[in-house]
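J.: One structure, pasted below without further comment.
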Amino acid sequence: MTVRGWMWGALALLSTAGAEGAGAEAAHAGPPAFLVQLTLLLIVSAAAAYGSFRLRLLPIIGFLLAGVLVGPGALGLIRDPQLISAASEVGVMLLLFTIGIEFSLERLSRIARLIFLGGGLQVSLTILAAAGALLAFGVGAADAVFTGCLLALSSTAIVMKLLGERGETNARTGQVSLGILIFQDLAVVLMVLLIPMLAGQGGGVAGVLIALAKAGGIIALVLVAARRVVPPLMEVVARTCSAEIFLLAVVALCFGTASLTALAGVSLALGAFLAGLLVSESRYGAQAMGEILPLQILFSAAFFLSVGVQLDLGFVLRNLGLVLGAAALIALLKVVVTSLSVRLLGEDWRTALPVALLTGQVGEFSFVLATTGAALGLSFAGLGEQGSGVFIAATVLLMALTPGLAALGGPLLARLPSPAPGEAGTGAAGTGPSGGEGYGDGGHGLPVAGRVVFLGYGAHARLAARALSRAGQPYSVVTRNPDGASELQGRGAPVLIADYTRAGLLRDLDIDSARAVVIADDDTEMTERTLSVLRTVAPQVQVITRATSPEGFAGLQALGAQHVLSAHREVAAGILDLLTPPEVTRAQLSRHLAEHPPVTLNATQRAQCEHAAHNAGPVTPEADVCLECVALGDTWVHLRVCMTCGHVGCCDSSKNRHATRHAQGQGHPVIRSAEPGEDWAYCYEHRWTK
């Protein structure tokens with residue numbers, strides 16, 4: 001069932017509930033049926049996650065077992081398979097979207113050989129081996145090829161989830177696995193068109209070619225948009241500095257791209273993966289990851305539950321030998337064929353075996369193909385009506401056993417001789433050529449260990465960062481401000497655009513290895529939230545922050561900040577005192593601060609109009625560049641500083657006139673020259689200068 005069908009179904013349930021309750025009191029109408037099922041789904045997911053934690057199981061296994069337990073074949077608590085199926089579709093989409101964010105087009109192009117050669121070998125050899133074996137046992141050609149198509153696919157959701165939990169997404173094992181999985185998702189397009197032809201229906205070879213051309217055109221359109229459309233669109237959204245707008249835009253991009261590719265016959269999951277690639281081409285991949293991850297976790301749980309729900313325990317018990325035999329043969333076939341395919345790529349056994357064990361199950365899209373084939377009269381392994389039950393039971397069993405099957409790689413590889421220096425492949429640990437970069441590397445490419453890390457990049461952080469640069473002390477910055485990021489990138493400083501209130505981000509950054517963390521957000525509530533999250537991830541790291549009131553001072557200390565600078569003390573100077581090394585003298589610090597002092601209006605200027613009297617300063621200029629021009633890649637003639645907020649913009653002789661735009665847009669009437677040796681000021685309301 002599609003997401004749109006799920007939504008319409010929910011609306012229909014609501015309408016039905018309203019119609020049935022028209023003659024009764026509203027208080028006795030009860031909750032809508034879909035809400036009860038949705039609530040049960042959430043309760044079961046939470047209970048399964050907690051149970052997995054207590055029993056030290058992977059959450060995947062917990063969700064699968066919980067699905068079996070509450071499904072119609074056991075307790076029967078969840079009776080609406082369409083609802084959970086729709087939620088599972090969203091889960092697979094969001095999972096593939098986050099995976100796409102991790103892989104830029106450049107990185108994806110580097111594994112093109114793994115996708116088309118490795119994946120092509122795995123899919124084609126699996127179909128040939130399965131079909132050949134079944135034909136030898138007298139199964140009809142149509143059913144044999146149909147079964148081969150079902151077995152050729154692996155579960156992208158399970159494999160990528162396991163790789164992520166093991167930290168191997170960017171290892172050689174992860175790269176080869178991803179290449180094969182991407183090709184499998186592409187192959188689904190052809191299989192959907194091939195199955196009706198096997199049943200004697202469909203549009204023939206011409207129809208297949210037309211459908212493939214349409215799918216290829218849609219994918220090409222998406223890739224062009226990745227370079228031309230999405231990055232500037234993400235810039236516009238990010239500059240609103242609104243978490244709500246950013247999240248809505250990211251989800252809309254994910255669902256919109258997936259829907260567009262689905263119209264062309266490409267799987268929703270592959271469309272979502274392409275949407276993730278679109279976002280990865282902008283500067284906001286880490287921020288998008290942080291926003292979407294909670295949703296992805298929620299709906300991924302629904303996917304694994306939905307797989308378990310489909311298992312009929314009664315059928316399994318009645319046909320236990322057949323189910324176990326089918327599962328064993330499927331796993332053996334896939335491990336052997338996938339190992340051979342990876343070896344033909346030139347990889348050694350230390351890569352081939354882990355990849356084969358990871359992909360030894362059957363994929364979620366095989367359920368869709370099985371349903372389509374059964375409706376057209378095709379059966380799994382020529383078993384007739386019984387074939388569908390055997391296939392579902394064997395598939396669920398293999399999915400549940402995948403973590404254990406993958407864990408066999410370590411003991412098996414231990415029996416192999418150590419690879420010679422320079423030998424291809426990197427083994428299960430997978431520290432191959434692609435390792436150590438991207439989302440899965442524990443750092444998003446941002447250096448953290450032994451550095452001062454600024455969370456937020458306001459005026460005080462700018463002064464402290466410049467002083468650290470002059471003292472030769474390394475630092476990194478995480479900010480949500482696109483202009484600040486552009487300034488830092490222009491200077492070659494390490495910066496990441498992301499929401500630093502996310503525990504997952506801080507954990508991936510290995511923030512505990514930082515020399516010190518400076519929480520430099522201007523928003524008090526955001527500062528407290530960041531500190532609270534930081535202390536759960538890195539309880540021992542040195543934290544420096546600032547408070548604007550005695551209550552805030554006490555609150556930040558209670559949350560675990562070792563150094564809380566008060567508003568009465570020059571914050572930038574305090575940060576420098578705490579962070580600069582002993583060899584940097586106070587005289588050097590004073591000289592640096594003297595070069596970037598807060599600015600004020602003199603008494604004569606303050607007396608010239610009421611606007612000047614109320615905007616006399618002192619204010620700290622937010623930068624020594626026009627940040628908006630830096631973001632646009634433009635230059636300026638002179639700089640002006642806003643006496644209300646410290647904004648620095650370019651003058652009216654410059655191309656963009658950002659100082660005037662800011663003053664008019666924000667209603668801040670007074671500016672002062674930010675050029676060295678100049679102290680004149682100007683009021684836009686009274687048109688005076690001095």
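The values are calculated or read from the model by the stated rules, or taken from the named source; none is laboratory data. Just so we're clear, the structure is a prediction, and the values are computed from it rather than from any experiment. Cβ sites come from the backbone with ideal geometry, for glycine too, and all protein chains shown count toward neighbours. Surface areas here come from the heavy atoms of the whole protein model, side chains and all, with no ligands, DNA or RNA. Shrake-Rupley method; radii C 1.70, N 1.55, O 1.52, S 1.80 Å.
J.: Looking at this structure, is ALA213 out of contact with any helix residue (DSSP H, G or I) (no Cβ under 6 Å at 6 or more places or on another chain), within 20 Å of ALA370 (Cβ to Cβ) and in a helix (DSSP H, G or I)?
T.: no
J.: Hey, which of the helices (runs of 4 or more DSSP H) in region 83-169, taking only ones fully inside, have at least 2 residues that are within 22 Å of PHE63 (Cα to Cα)?
T.: Counting at least 2 such residues, we get 156-165.
J.: Based on what the data block shows, is SER177 surrounded by fewer than 23 Cβ atoms within 10 Å (Cβ to Cβ) and within 22 Å of VAL355 (Cα to Cα)?
T.: When the stated conditions are applied, SER177 does not pass them.
J.: In addition: Quick check on this structure: which one of ALA288, ALA243, ALA258, ALA301 is closer than 16 Å to ALA498 by Cβ and over 15 Å from the mean Cα position of the chain (by Cα)?
T.: Residue meeting the stated conditions: ALA243.
J.: Can I ask one more? Could you say which residue among VAL316, VAL337, VAL307, VAL323 is in contact with a Ser or Thr (Cβ under 6 Å, 6 or more places away or on another chain), part of a helix (DSSP H, G or I) and buried (at least 18 other Cβ atoms within 10 Å of the Cβ)?
T.: VAL337
J.: Go through (1) touching a Gly at 6+ places or on another chain (Cβ under 9 Å); (2) of a type outside the set (Gly, Ala, Ser); (3) in contact (Cβ under 8 Å) with a residue 24 or more places away in the chain and name the single condition ASP512 misses.
T.: All conditions pass for ASP512, except number (1).
J.: Taking into account only those residues within region 641-656 that are in contact with a Lys or Arg (Cβ under 7 Å, 6 or more places away or on another chain) and part of a loop (DSSP other than H, G, I, E, B), which is surrounded by the fewest Cβ atoms within 10 Å (Cβ to Cβ)?
T.: Only one residue tops the list, namely CYS651.
J.: So if I check each of ASP522, ASP499, which one is modelled with pLDDT under 75 and outside any helix (DSSP H, G or I)?
T.: Result of the check over ASP522, ASP499: ASP522.
J.: Only one of these is modelled with pLDDT of 75 or more, more than 27 Å from the chain's Cα centre (by Cα) and over 15 Å from ALA465 (Cβ atoms): LEU509, LEU534, LEU556. Name it.
T.: LEU556
J.: Mind listing whichever residues of region 437-467 are modelled with pLDDT under 75 and not small (Gly, Ala, Ser)?
T.: Of everything in region 437-467, those that are modelled with pLDDT under 75 and not small (Gly, Ala, Ser) turn out to be GLU437, TYR439, ASP441, HIS444, HIS460, LEU463, ARG466.
J.: A further question follows. In this structure, is THR536 open to solvent by less than 20 Å² (accessible area, probe 1.4 Å) and not hydrophobic (A, V, I, L, M, F, W, C)?
T.: So THR536 does not fit the description; no.
J.: I'd like the full set of residues that are open to solvent by less than 10 Å² (accessible area, probe 1.4 Å) and farther than 26 Å from PHE146 by Cα, limited to region 349-362.
T.: If the condition is that a residue be open to solvent by less than 10 Å² (accessible area, probe 1.4 Å) and farther than 26 Å from PHE146 by Cα, then THR351, ALA352, PRO354 are the ones that fit.
J.: Does GLY256 satisfy the criteria of being part of a helix (DSSP H, G or I), among the small types (Gly, Ala, Ser), touching a residue at least 24 places away in the same chain (Cβ under 8 Å) and surrounded by fewer than 17 Cβ atoms within 10 Å (Cβ to Cβ)?
T.: no
J.: Ok, one more. If you go through region 613-640, how many residues are within 38 Å of the chain's Cα centre (by Cα), of a type in the set (A, V, I, L, M) and buried (at least 17 other Cβ atoms within 10 Å of the Cβ)?
T.: So the count comes out to 5.
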